[in-house]
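Asks: My questions will all concern the structure given below.
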Amino acid sequence: MNTNSSNIMALAPNTSNKRETVCIFGTGDFGRALGHKMIQSGYPVVYGSRSTQISNLIPKDAEVLSHAEAAQKAAIIIIAIQRQHYNFLTPLAEILHGKVVVDISNNLKLNQYPESNAEYLAQLLPGAKVVKAFNTVSAWALQSGALDASRQVFVCGDDAEAKQMVMNIVRALGLTPLDQGSLLAAQGIENYPLQLFPMWKFPIFLSLGLTAFFFFYCLALDVIYTYIYEKNNFSFFIAITIPNRICPVMALILLALVYLPGVLAAIIQLYRGTKYRRFPDWLDKWMLCRKQLGLIALAFASLHAVFTLVSPMRSFVRWRTSKGIISQALNNKTEPLDTTNAWLSDSYLALGILGFFFFVLVGITSLPSVSNSVNWREFRFVQSKLGYLTLILCTAHTLVYGGKWFLSPSAYRWYLPNIYMLSLVVPCTVLVVKFVLVFPCVDKPLTQIRQGWERNPKYFE
């Protein structure tokens, strides 16, 4: 009897897991999408609207009532209405007293109002527990599924219990809540959707600037110079040849710029003798965008690989190859294999292949889905140790390929160095300084500083 009764109880529904009713003010796109998602997650939903007529657009399992009636049926009210229409809430202040009011609105531009929409709502409803949430999720994302957009939902509010209730709803919808603190954080949360790639601006502008510089640099030396002094029209170099020179140069320089701020930070810490003083703002911002610099560098390296693979298909390459064959046939002379050049060719290709392989490996590890599955030591090993190995291989690839031009006078057109020489300045500087930093006499005090030791404790801040 006891066994049977226990089995029956196990099969009985657990009434403690019943979802609380949620009220949504607003039947626009987002309000309907959010209500539909909540119904799918087991939440009873009631809409508060000026018109209580059922529309085909409203989820069929939802109830539509007046604002006052809908608010009385739920402890959580989601305001899916723009700020300029908040005035209708003032007569409902007494009904909303003590209830959790969720503000999901956004503005049309950054810092559009002196205070955030959530803080303004808290002023209109002083007795309500206002929480900011869901403003970083779009109606399309809710309709298409959480995996088709960002899963993160920023949540902030002054009442811890109210925040927890909202975060439970976020989790139930298959999203990830991120507690941003008090309602003072609402201004930043509302600005977040209006920012266009905030961490990508500097890397993108830097990449575009360097790309333009190297393009005109190559254009001057490879097209204009040869046309003026050699009467050769190599304008078709603009399509493949020049891009295939710019891409590896950009990949190498940007990869070096990923590790240069770390080297500079180490030098600053050694000079100061402490890790407790802030770095300069420019260095802080530089270090924060290293991931973006690395991913752009990987994109340039991938383009270089594609351009290199299609090079044999070019008419210019086929013409040059056939010209060499015909020249040997007319002269009745076969040029012997130059084993030195063969070694150099195979070496720089092998170094390039290995460098690109580790480049891709480091790039894959920086993806959130991969980095979240490894511990900090593993992540640091890949990003630091393998990252420097990638830099060494790519630098060696460039040195073996273009090193011969350093001592060749013909390489200095208009007294300007070849583009490959310019590309080696930053990576070689980084590698030389890093080589010095790994000496025990330098690495030991640096490690002690990073573990908390201070040369002069008065600098503690």
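All of the numbers you see were taken from the coordinates with simple rules; none came from a lab. Here the structure is a predicted model, which means the values were calculated and not measured. No Cβ is skipped: glycine too gets one built from the backbone with ideal geometry, and neighbour counts run over all protein chains shown.
Asks: Taking the Cα centre of the chain as origin, work out the dipole magnitude from +1 charges on Lys and Arg Cβ and -1 charges on Asp and Glu Cβ, in debye rounded to 20. Intermediate values should be presented prior to the final figure.
Replies: On the way: 40 positive and 26 negative charges, 234 e Å.
Around 1120 debye, computed over the chain.
Asks: Charges only on Cβ, +1 for Lys and Arg, -1 for Asp and Glu: so what's the dipole of segment 233-319 about the Cα centre, in debye to the nearest 20? Please list the in-between numbers first.
Replies: Numbers: 10 positive and 2 negative charges, 39 e Å.
Charge dipole, segment 233-319, about its Cα centre: 180 debye, nearest 20.
Asks: Using the basic label-point model (7 angstrom from Cα toward the beta carbon), what is the residue 233 to residue 115 distance in nanometres?
Replies: For the pair residue 233/residue 115, the computed spacing is 7.1 nm.
Asks: Distance between Cα centroids, segment 284-316 to segment 164-224: provide it in whole Å.
Replies: Comparing the Cα centres of segment 284-316 and segment 164-224, I get a distance of 20 Å.
Asks: Once the piece of chain linking residue 225 and residue 451 is laid out straight, how much longer is it, given 0.36 nm per residue of separation minus the C-alpha distance between them? It would help to have the intermediate numbers written out before the result.
Replies: Working: separation 226, 0.36 × 226 = 81.36 nm, distance 5.55 nm.
Full extension of this stretch gives 75.8 nm more.
Asks: Among 336, 409, 394, flag the residue with its Cα farthest along the positive direction of the charge dipole of the chain, charges on Cβ as +1 for Lys/Arg and -1 for Asp/Glu.
Replies: Positive-most Cα among the choices belongs to 336.
Asks: So what is the relative contact order of the chain, in percent, for Cα pairs below 8 Å that sit 6 or more residues apart? Please list the in-between numbers first.
Replies: Values: 568 pairs, mean separation 51.5, N = 461.
Dividing the mean separation by the residue count of the chain yields 11 percent.
Asks: If you don't mind, another one. Counting pairs of alpha carbon atoms under 8 Å apart in space and at least six apart in sequence, what relative contact order in percent does segment 22-194 give?
Replies: Details: 330 pairs, mean separation 34.4, N = 173.
Here the relative contact order equals 20 percent.
Asks: Give me the net charge for the shell around residue 296: Cβ to Cβ below 14 angstrom, other residues only, Lys and Arg +1, Asp and Glu -1. Before the final figure, lay out the partial values.
Replies: Numbers: positive: 201, 290, 291; negative: none.
Once positives and negatives cancel, what remains is +3.
Asks: Let me ask another. Quick one: grab the alpha carbon gyration tensor of segment 353-394, order the square roots of its eigenvalues as a ≥ b ≥ c, and give me rounded if a/c is under 1.5, else prolate or oblate depending on whether a/b is larger than b/c. Can you show the working numbers first?
Replies: Numbers: a/c = 3.58, a/b = 1.72, b/c = 2.08.
Oblate, since a/c reaches 1.5 and b/c is not below a/b.
Asks: 5 Å is the cut-off here: which amide hydrogens, built 1.01 Å from N in the peptide plane, fall below it relative to residue 154, excluding neighbours closer than 5 in sequence?
Replies: 134, 136, 178
Asks: Sorted by average packing, counted as other Cβ atoms within 10 angstrom per residue and highest first, what order do 253-260, 305-312 take?
Replies: On the way: 253-260: 24.0, 305-312: 13.0.
The packing order, highest mean first, is 253-260, 305-312.
Asks: Ranked from highest to lowest mean number of other Cβ atoms within 10 Å per residue, what is the order of the peptides 91-98, 427-434?
Replies: Listed from highest to lowest mean packing, they are 427-434, 91-98.
Asks: I need the calculated FRET efficiency for the pair residue 21 and residue 349, taking r as the beta carbon distance and R₀ as 60 Å, to the nearest 0.05. All intermediate terms of the calculation are to be shown ahead of the outcome.
Replies: Details: r = 67 Å, r/R0 = 1.11.
Once rounded, the FRET efficiency stands at 0.35.
Asks: Convert each backbone phi in segment 375-389 into a coupling constant with the Karplus relation 6.51 cos²θ - 1.76 cosθ + 1.60 (shift: θ = phi - 60°), then list the ³J(HN,Hα) values in order as whole Hz, x for Gly and Pro.
Replies: For segment 375-389, the Karplus-derived couplings read 7, 5, 5, 5, 4, 5, 4, 5, 6, 9, 5, 5, x, 5, 4 Hz, x marking Gly and Pro.
Asks: What does the charge count around residue 64 come to, taking other residues whose C-beta lies under 14 Å from its C-beta (Lys +1, Arg +1, Asp -1, Glu -1)? Don't skip to the end; give the middle numbers.
Replies: Details: positive: 32, 50, 60, 73; negative: 61, 63, 69.
Residues close to residue 64 contribute a combined charge of +1.
Asks: Something else about it: Taking H as built 1.01 Å from N, whose amide H comes closer than 5 Å to the amide H of residue 64, not counting residues under 5 places away?
Replies: Those lying under 5 Å, H to H, from residue 64 are 47.
Asks: Separate question: Order the peptides 125-133, 58-66 from the highest to the lowest mean number of other Cβ atoms within 10 Å of their residues. Display every interim value, and only then the final one.
Replies: Numbers: 125-133: 22.7, 58-66: 15.7.
Top of the packing list down: 125-133, 58-66.
Asks: Continuing with this model, one more query. Report the rotationally averaged projected area of segment 22-194 based on its alpha-carbon convex hull, in square nanometres.
Replies: Numbers: hull surface 35.2 nm².
For segment 22-194, averaging the hull's shadow over all directions gives 8.8 nm².
Asks: Could you list, in their original order, any pairs among 37/73; 385/444; 132/291; 109/132; 275/385 whose Cα atoms are separated by more than 27 Å?
Replies: On the way: 37/73 19 Å; 385/444 18 Å; 132/291 29 Å; 109/132 18 Å; 275/385 22 Å.
From 37/73; 385/444; 132/291; 109/132; 275/385, over 27 Å: 132/291.
Asks: With +1 assigned to the C-beta of every Lys and Arg and -1 to the C-beta of every Asp and Glu, and no other charges, what is the dipole magnitude of segment 22-194 about the Cα centre in debye, to the nearest 20? Write out the running numbers ahead of the final one.
Replies: Working: 13 positive and 14 negative charges, 61 e Å.
Here the size comes out at about 300 debye.
Asks: Can you give the helix-only mean residue ellipticity at 222 nm for the chain, where every DSSP H stretch with n ≥ 4 adds -39500 (n - 2.57) and the sum goes over all residues, rounded to the nearest 500 deg cm²/dmol?
Replies: On the way: 20 runs with 243 residues, N = 461.
Per the formula, -16500 deg cm²/dmol.
Asks: Over all pairs of distinct alpha carbons, what does the Kirkwood formula give as the hydrodynamic radius of the chain, in Å? Write out the running numbers ahead of the final one.
Replies: Working: mean 1/r = 0.0359 Å⁻¹.
When all Cα pairs of the chain are included, the Kirkwood radius is 27.8 Å.
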